[in-house]
Amino acid sequence: MIAQCRVELALPQDAGEIARMSRAYIEQGLPWSWTPARVARSIANRATNVVVVREEGLVIGFAIMYYADTLAHLQLMAIRANRRRAGIGSALHLWLEEVARVAGISEARVEARSDNPAARAFYGRHGYEELRVVNGMYHGICQGVRLRKCLNLD
Ligand SMILES: CC(C)(COP(=O)(O)OP(=O)(O)OC[C@H]1O[C@@H](n2cnc3c(N)ncnc32)[C@H](O)[C@@H]1OP(=O)(O)O)[C@@H](O)C(=O)NCCC(=O)NCCS
């Protein structure tokens, strides 16, 4: 399912909320690396898109993608726990992927914690293939999985 929701670019004032969602939903048990300052730098970076979905003004989901010449890297995404499995992650992801296609980028990459079956299932559903498991990817605390997707350019 893909939610019929409005995907918008994040504003500088969203940085704190996005960083707190990263700490709560993605970086739990790890040092907090996506701090408000780092998210704010991504929002300001012209090579990166930070997108959000809001409900009544509250950010309920976000995703961050970095675009290089031929590669796009999905760096971070999370949906509030009570709003998952409603297609919001898919809406954010497809928005970012479409930008990559329009830019002529042929490959998307992402990493996930190996102990995150929901993320692995989500990326699998969106056509990513798992390349390999990497020991020590997350500060030596847990394993990571590298995934890749070829973007079919018209
Ligand atoms: C991974 C995450 C972003 C998915 O967002 P979402 O909005 O719930 O995803 P969607 O509703 O668009 O799901 C699309 C498909 O992905 C798969 N999927 C998503 N969550 C799943 C789960 N918990 N278990 C199994 N499959 C899942 C399903 O195929 C789903 O389609 P379906 O609901 O029709 O079966 C969300 O679970 C999340 O925020 N998790 C915590 C943060 C995180 O792990 N981020 C990713 C690593 S950076």
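Just so you know, all these numbers are worked out from the coordinates, no wet-lab data involved. Worth saying up front: this structure is predicted, and the values here are computed from it rather than measured. Cβ atoms come from the backbone with ideal geometry, glycine included; neighbour counts cover every protein chain shown.
Grab the beta carbon distance between A24 and E98, set R0 = 35 Å, and tell me the FRET efficiency rounded to 0.05. Efficiency, rounded to the nearest 0.05: 0.80. Of G57, G104, G127, the residue with the greatest mean-square motion in the GNM of the chain, using alpha carbon springs below 10 Å, is G57. Between A68 and N45, the modelled labels are 1.2 nm apart [label points 7 Å from Cα along Cα→Cβ].
Let me have the 222 nm mean residue ellipticity of the chain computed from DSSP H runs of 4+ only, each contributing -39500 (n - 2.57), with the sum over all residues rounded to the nearest 500.
Values: 4 runs with 44 residues, N = 154.
So the helix-based figure for the chain works out to -8500 deg cm²/dmol.
Report the relative contact order of the chain, percent, no decimals, based on alpha-carbon pairs under 8 angstrom and at least 6 residues apart. This gives 20 percent for the chain.
On the basis of the beta-carbon distance and an R0 of 41 Å, R146 and N82 show a calculated FRET efficiency of 0.85.
Across V52, V110, V102, mean-square fluctuation computed from a Gaussian network of the chain (C-alpha pairs under 10 Å connected) peaks at V102. In terms of the Cα gyration tensor, with a ≥ b ≥ c the square roots of its eigenvalues, is region 32-82 rounded because a/c is under 1.5, prolate because a/b exceeds b/c, or oblate? In terms of gyration-tensor shape, prolate.
Does region 7-109 come out rounded, prolate or oblate by the C-alpha gyration tensor, with a ≥ b ≥ c the root eigenvalues, rounded set by a/c under 1.5 and, if not, prolate when a/b is larger than b/c and oblate if not? Because a/c hits 1.5 or more and a/b exceeds b/c, region 7-109 counts as prolate.
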